[in-house]
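The values are calculated or read from the model by the stated rules, or taken from the named source; none is laboratory data. These numbers come from a predicted model, not from an experiment. Note that each Cβ is placed from the backbone with ideal geometry, even for glycine, and that neighbours are counted across all protein chains shown. Accessible surface is based on the protein model in full, side chains and every heavy atom, while ligands, DNA and RNA are left aside. Shrake-Rupley method; radii C 1.70, N 1.55, O 1.52, S 1.80 Å.
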Amino acid sequence: MKLTFRWYGEKDAIPLGYIKQIPNMSGVVTAVYGTPVGEVWEKEKIQKLKAMCDAQGLEMQVIESVPVHEDIKLGKPTRDALIANYARTIYNLGEAGVKCICYNFMPVFDWLRTDLKKKADDGSTSLSYRHETLMKLDVKNLHLPGWDESYTAEEISGLIEEYGKITHDKLFDNLVYFLKEIMPACDATGINMAIHPDDPPWDMFGLPRIITGAESYDKMIEAVPDKHNGFTFCTGSLGAERSNDLPAIAGKYAERIYFAHIRQLKYDNETDFTEAGHLTGAGNLDIYAIVKALVKGGFDGYVRPDHGRNIWGEDGKPGYGLYDRALGACYLNGLFEAIEKE
C-alpha cells in the first residue's frame, strides 16, 4: 500500500513540509480548487499543484475529488457536454501522473453531519451525526454544518425537488451512463475511478442513495466490468450502516479497491455515531480485521487516515487537523507492516 494524506492545496493550514515528516508518507491526496464544477481542469493548474508536491518529495497520484455535476446525476440533456469535460480532465490528470480519482455520485450532499465539534470527555472534538436532529430540519430552508457555503438554502431546496423525480434505479442508470462514457479516457491514461460510498449510506430528505454496501458493489461491477471502475473503501461511511460486514467487503473487493479511507466510529445507537481516534479500541469498527482482510485479499492501493479529531489544542478544519490524522497514519503503518509480515 501507499500511505497518503488529504491536503487542501495552498490554502490548507497544514504545510506540505509537515506532512512529509509523517513516517512512510508517500504523497498527498488533493484537487484543483476553484474550478467550477463541470469545467475542464486546466493543465497549467494541475502542473502547478504537482510542482508544489514534488518540491516537498511528495507524490500527487490520487485526486479527491473531481466533482460530478448534478446535471450528470440527474440525467439532463446537458450531461454529454459535461461528461466530455470530465473525460478531458482525466486526460489532463493522466499527463501529470495521476493514477486514481476518488469521486462520488451522491445527490446534493456528499456527507452529512449534525455537529462538527462534538466534545469528548478527554477534551478532543470530532464530527458526529444525530439522525433525529437532521430529520427535524426544514427541508425548504436547510442550514447544515459545513454546507452553508456549498449551496444556498434555495438551491438545496430546488435540487431536492428535482431529485424527487429520480428513483434509485434511474440514478444508478445515470451513474452507469457516466462511467461507460469516461472509461475510454481511463483506459488510455491508466487512471482508476474509485467511487466513494454514500455518507451516511441511507436515503436522506428523499434523496436516493445507491452506493451503500456489497450489493451495490456487485451491481456496479456487473454493469461496468472495466477494471478501471473501482471503489474508495471508506470504513466510516460504510460502517455507519450496521448491517455492513466491513472485513468481508474489504476482503471480497480488495483487488478492486483502489483507495481506502480508514477511520473509526463510535456508535451511540442504531443510527447515531461519533467519529473517534483510529485505534480499534476507540470505537466499534474492527480496524485490525479490516486491514487484515485488505492485505490478505490482495489490496495494493492507496490508503489515507480519514477524519481525525482535533486534539492538543489544535483548532483546525473539522476532521482534518494534523495531529490526530498523523497518529492515525502511524497506527495504520504498524497494522499494515505487521500483517504484511505474517
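Taking Lys and Arg as +1 and Asp and Glu as -1, the other residues whose beta-carbon sits under 11 Å from that of Ala293 total +1.
Once both labels are positioned 7 Å from their Cα atoms along Cα-to-Cβ, the gap between Ala120 and Trp202 label points is 2.4 nm.
Counting only DSSP H runs of at least 4 residues, each contributing -39500 (n - 2.57), and dividing by the residue count of the chain, the helix-based mean residue ellipticity at 222 nm comes to -11500 deg cm²/dmol. Comparing Gly206, Gly328, Gly38 in a Gaussian network model of the chain, where Cα atoms under 10 Å apart are tied by springs, the biggest mean-square fluctuation is seen for Gly206. Set the Förster radius R0 to 22 Å, insert the Cβ-Cβ distance between Ser26 and Asp80 as r into 1/(1 + (r/R0)^6), and round the FRET efficiency to 0.05. Step by step, r from the Cβ atoms, then E = 0.05. Between Ala188 and Lys48, the FRET efficiency estimated from the beta carbon spacing at R0 = 22 angstrom works out to 0.40.
Looking at segment 190-286 from every direction and averaging, what is the projected area of its Cα convex hull in nm²?
One quarter of the hull surface, i.e. the mean projection, equals 6.7 nm².
For segment 1-139, the percent of C-alpha pairs falling in each 5 Å distance bin, counted from 0 to the bin holding the largest distance, reads 2, 9, 15, 17, 15, 15, 13, 9, 5, 1, 0. Using all pairs of distinct alpha-carbon atoms, the Kirkwood hydrodynamic radius of segment 117-229 works out to 16.8 angstrom. Extending 7 Å from Cα along the Cβ direction at Tyr18 and again at Asp169 yields two label points whose distance is 5.1 nm. Volume of the convex hull of the chain (Cα atoms only), normalised per residue: 127 Å³. Computed extension length for Glu342-Lys252: 30.4 nm, one decimal, from 0.36 nm per residue of separation with the Cα-Cα distance subtracted. DSSP finds beta bridges in the chain, and of those with both partners inside it, around 30 percent are antiparallel.
Could you tell me which of the pairs Lys20/Lys48; Lys140/Lys165; Lys50/Lys118; Lys165/Lys266 are separated by over 26 angstrom between their Cα atoms in the structure shown? With Cα atoms farther than 26 Å apart: Lys50/Lys118; Lys165/Lys266. With a cut-off of 14 Å on the backbone N, the residues of segment 218-258 near the modelled label site 7 Å out from Asp300 along Cα-Cβ are 254-258. Beta bridges from DSSP with both residues in segment 175-316: antiparallel share about 30 percent, rounded to the nearest 5. In terms of its C-alpha gyration tensor, segment 50-127 has an oblate overall shape, because the principal axis ratio a/c (a ≥ b ≥ c, square roots of the eigenvalues) is not below 1.5 and a/b does not outweigh b/c.
Above 13 Å, the calculated P(r) of segment 184-232 contains 60 percent of its Cα-Cα pairs. With a 1.4 Å probe rolled over the protein heavy atoms of all chains, the accessible area of Trp111, Trp7 falls in the order Trp111, Trp7, largest first. Straight-distance candidates among the aspartates and glutamates for linking to Lys119, with alpha-carbon spacing under 17 Å and chain neighbours fewer than 8 residues away dropped: Asp268, Asp272, Glu275, Glu314, Asp315, Asp324.
Cβ under 15 Å from Gly123's Cβ, Gly123 left aside: what net charge do those residues give with Lys, Arg +1 and Asp, Glu -1?
-1
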